[in-house]
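Chemist: Would you mind keeping the following structure in view while I ask a few things?
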Amino acid sequence: MAHLQSNENRLLIAFCHPDLGLGGAERLIVDAACELASHGNSVDVYTAHYDKNRCFSETLGGSFSVTVCGNWFPRSIFNRMHALCAYVRCVLIAAYIAWTAFRRKRPYDVVFVDQVSAAVPVLRLLTSSKVLFYCHFPDQLLAKRRSRLHSSYRAVLDAVEEYTTGQAHQLLVNSTFTQGVFLKTFRRLKKRGIVPSVFYPAVQLPSDEDAAEVDWEYRLDPDLAGFLHGKRVFLSINRFERKKNLGLAVRAFGVLQNEYGGQAEVSHSVLVLAGGYDKRLAENREHFCEVQELVQRLGLADKVRLVASFSDAQRSALLAAAACVLYTPENEHFGIVPLEAMAAGRPVVACDSGGPKETVVDGTTGFLCPPEPAAFAAAMARLADPEKSADMGRQARFHVQKTFSRAAFGRKLNDVVHKLART
C-alpha cells in the first residue's frame with residue numbers, strides 16, 4: 001500500500017549497487033527501493049549488471065526504475081583483480097548518477113550506496129546529494145591474501161575502502177555483529193568517533209502462505225516435485241560459494257541418515273541444496289561440481305538434489321515443501337535466508353555465530369549449533385517430527401512479524417533518509 005505524502009516531502013532517491021542479481025544484498029536493495037517508493041518518494045536504481053531472467057520480480061516494471069551503466073568495464077582482468085574492477089564499475093555508476101542529475105537539472109536528495117564504498121567520494125565530489133553507505137561487511141575481510149604481491153595490492157584497496165567509507169554522510173550496518181567487526185577493522189574511523197548505526201534488513205511476510213502449502217508441487221518442475229512428494233524435506237538456500245559451507249549440510253544429512261535412520265520421518269527425508277548460480281562466475285561452477293562429488297562420495301545421490309537458481313515462485317514452493325531450513329555459513333554478517341524461512345513459517349538450523357545469533361531464537365524459532373555435522377544432525381532429527389517443526393514454525397513467523405517485517409523496515413528507512421536529506 002502506498003503511503004501518500006506531499007510533494008514537499010517527496011524525495012528523489014538513487015541506489016548505487018554493483019550487480020542486481022538474486023543475493024541477500026540485492027534483496028535488501030529491492031526491499032529498500034520498494035518501501036521508499038511506497039512512501040511516495042521517486043526512486044531510481046543504478047547497477048552495472050541486471051539480467052531480467054535472473055532477478056527479483058519487483059524489479060520488473062515495479063515502483064522504481066532500473067538503469068544499467070558501467071557494464072562495459074570488465075568484471076575481472078584475466079580472472080584477477082575482481083575487487084579493483086568492482087571499484088571501477090561502481091565509480092562509473094556514480095559518475096553516471098551525477099551526469100543524470102546534471103541533465104535533469106535536479107540532484108538526488110539522497111544516494112544509497114552499498115557493498116562498494118569507492119562510489120562515495122565520487123558522488124560527494126560531483127553532486128550535492130547526501131550519501132548513505134550501507135555496509136554489509138568490510139570487503140577486505142572477504143579477500144584471501146594469496147601472495148606478497150597480492151597482499152600489497154590488497155593493502156592499497158583496503159586503505160581506499162576505509163577512506164571512502166568514512167566519506168559517507170551516514171553509515172549503516174546490517175547487524176550488531178557487523179558493527180563490532182567494522183570498529184575492529186576500520187580503526188582510523190573509530191578514532192574519529194565514527195560508529196555506524198545498526199539497521200537490520202527485513203522480509204516481506206508471504207501473503208499466500210496457506211495457498212503455497214497446498215499447491216507447491218505445481219510451482220516446481222515435475223521431476224523435482226516428484227522427488228519431494230511425500231518426503232520430509234530439509235532445505236538449504238545459499239549461493240554455490242565455498243564460504244557458504246554447503247558441505248556442512250551434506251555431511252549433517254549423512255549423519256542424520258546413519259545415526260537417526262531408524263526414525264520413520266528421517267528414513268523418508270531428503271535434502272535439497274538450492275541456491276544462486278551465476279554461470280559467469282568460476283567459483284559457482286566449480287563449487288556446484290564439488291558439492292555434487294561430495295554427495296556421490298557419501299552415497300547420498302538418491303536422497304540429495306541440487307537446484308541451481310530459481311524464481312521467486314519456486315523459492316516459495318521449496319519453503320512450503322520444507323520441514324526446516326539449514327543455514328550453514330559461519331560468522332555470516334547477517335543472513336537474509338533465516339528471516340525468509342521464518343517468515344514462511346519454517347524453523348531454522350544455523351551456525352551459532354554472526355548474524356543468525358541476532359535473528360534466530362535458539363530453541364524457539366530454530367536451533368543454533370556449532371558448525372559440526374553431528375550437532376546439525378541432532379537438531380534436524382528433532383525437527384523431523386512434524387508437530388515439533390510446525391510449532392516452531394508458527395513461533396518463527398510471529399517472531400519475524402514482530403521484529404523484522406518489511407513494513408517496519410520501510411517506515412524506519414523513510415525516516416532515516418528524510419532526516420539525512422534535511423541535514
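The values are calculated or read from the model by the stated rules, or taken from the named source; none is laboratory data. If you're wondering where the values come from, they're calculated on a predicted model, not measured in any experiment. Neighbour counts run over all protein chains shown; Cβ positions are idealised from the backbone, glycine included.
Chemist: Residues being assigned to a helix (DSSP H, G or I) and touching a residue at least 24 places away in the same chain (Cβ under 8 Å): count how many of those fall in region 179-206.
Modeler: Step one: list which residues in region 179-206 are assigned to a helix (DSSP H, G or I), which gives 179-185, 187-191.
This time we only want the ones that are touching a residue at least 24 places away in the same chain (Cβ under 8 Å), so: 181-182, 185, 188-189.
Final tally of qualifying residues: 5.
Here's the yes/no breakdown for (1) within 30 Å of ARG154 (Cα to Cα); (2) surrounded by 21 or more Cβ atoms within 10 Å (Cβ to Cβ):
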{"site": "ILE13", "(1), (2)": "no, yes"}
{"site": "LEU36", "(1), (2)": "no, yes"}
{"site": "HIS39", "(1), (2)": "no, yes"}
{"site": "TYR46", "(1), (2)": "yes, yes"}
{"site": "CYS55", "(1), (2)": "no, no"}
{"site": "SER65", "(1), (2)": "no, no"}
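Chemist: If you don't mind, there's one more thing I want to ask. Among (1) surrounded by 19 or more Cβ atoms within 10 Å (Cβ to Cβ); (2) closer than 26 Å to ASN258 by Cβ; (3) under 23 Å from the mean Cα position of the chain (by Cα); (4) touching a residue at least 60 places away in the same chain (Cβ under 8 Å), which single condition is LEU383 missing?
Modeler: Of the numbered conditions (1) surrounded by 19 or more Cβ atoms within 10 Å (Cβ to Cβ); (2) closer than 26 Å to ASN258 by Cβ; (3) under 23 Å from the mean Cα position of the chain (by Cα); (4) touching a residue at least 60 places away in the same chain (Cβ under 8 Å), the odd one out for LEU383 is (3).
Chemist: Looking at LEU368, LEU306, LEU339, which is the one that is over 12 Å from SER236 (Cα atoms) and either assigned to a helix (DSSP H, G or I) or modelled with pLDDT under 95 (or both)? Before you say what the answer is, go through the steps one by one.
Modeler: Working: LEU368 fails: either assigned to a helix (DSSP H, G or I) or modelled with pLDDT under 95 (or both); LEU306 fails: over 12 Å from SER236 (Cα atoms).
Answer to the check: LEU339.
Chemist: Can you tell me which residue within region 163-178, out of those that are in a helix (DSSP H, G or I) and at pLDDT 95 or above, is nearest to VAL91 (Cα to Cα)? I'd like the intermediate steps shown before the answer.
Modeler: Start the filter on region 163-178 by keeping residues that are in a helix (DSSP H, G or I), which leaves 163-165, 176-178.
Among the residues that remain, those that are also at pLDDT 95 or above are: 163-165.
Numbers: TYR163: 15, THR164: 11, THR165: 13 Å.
So the residue we want is THR164.
Chemist: Right, something else. HIS268 is checked against (1) touching a Ser or Thr at 6+ places or on another chain (Cβ under 9 Å); (2) surrounded by fewer than 15 Cβ atoms within 10 Å (Cβ to Cβ) and fails just one. What number does that condition carry?
Modeler: Just one mismatch for HIS268, condition (1).
Chemist: One residue is enough: does region 233-243 have a residue meeting the conditions in a helix (DSSP H, G or I), within 20 Å of LEU273 (Cα to Cα) and assigned by TED's automatic domain parsing to the domain that holds GLU372?
Modeler: First, the residues of region 233-243 that are in a helix (DSSP H, G or I): 242-243.
After this cut, where a residue has to be within 20 Å of LEU273 (Cα to Cα) as well, the list is 242-243.
Retained after the next criterion (residues that are assigned by TED's automatic domain parsing to the domain that holds GLU372): 242-243.
For region 233-243, residues in a helix (DSSP H, G or I), within 20 Å of LEU273 (Cα to Cα) and assigned by TED's automatic domain parsing to the domain that holds GLU372: present.
Chemist: So is GLY276 small (Gly, Ala, Ser) and modelled with pLDDT of 95 or more or not? Give the derivation first.
Modeler: Details: small (Gly, Ala, Ser): yes; modelled with pLDDT of 95 or more: no.
No.
Chemist: Separate question: Among the listed residues PHE227, PHE253, which satisfies the condition of being more than 22 Å from ALA350 (Cβ to Cβ) and either among the aliphatic types (A, V, I, L, M) or touching a residue at least 40 places away in the same chain (Cβ under 8 Å) (or both)?
Modeler: Values: PHE253 fails: more than 22 Å from ALA350 (Cβ to Cβ).
The conditions single out PHE227.
Chemist: Working carefully through the options PHE367, PHE310, PHE376, PHE334, find the one that is assigned by TED's automatic domain parsing to the domain that holds ASN238, over 30 Å from LYS279 (Cβ atoms) and within 23 Å of the chain's Cα centre (by Cα).
Modeler: Testing whether each residue is assigned by TED's automatic domain parsing to the domain that holds ASN238, over 30 Å from LYS279 (Cβ atoms) and within 23 Å of the chain's Cα centre (by Cα) leaves just PHE367.
Chemist: Ok, one more. Out of VAL400, VAL416, which single residue is under 30 Å from VAL131 (Cβ atoms), part of a helix (DSSP H, G or I) and of a type outside the set (Gly, Ala, Ser)?
Modeler: Step by step, each of VAL400, VAL416 is checked, and only VAL416 is under 30 Å from VAL131 (Cβ atoms), part of a helix (DSSP H, G or I) and of a type outside the set (Gly, Ala, Ser).
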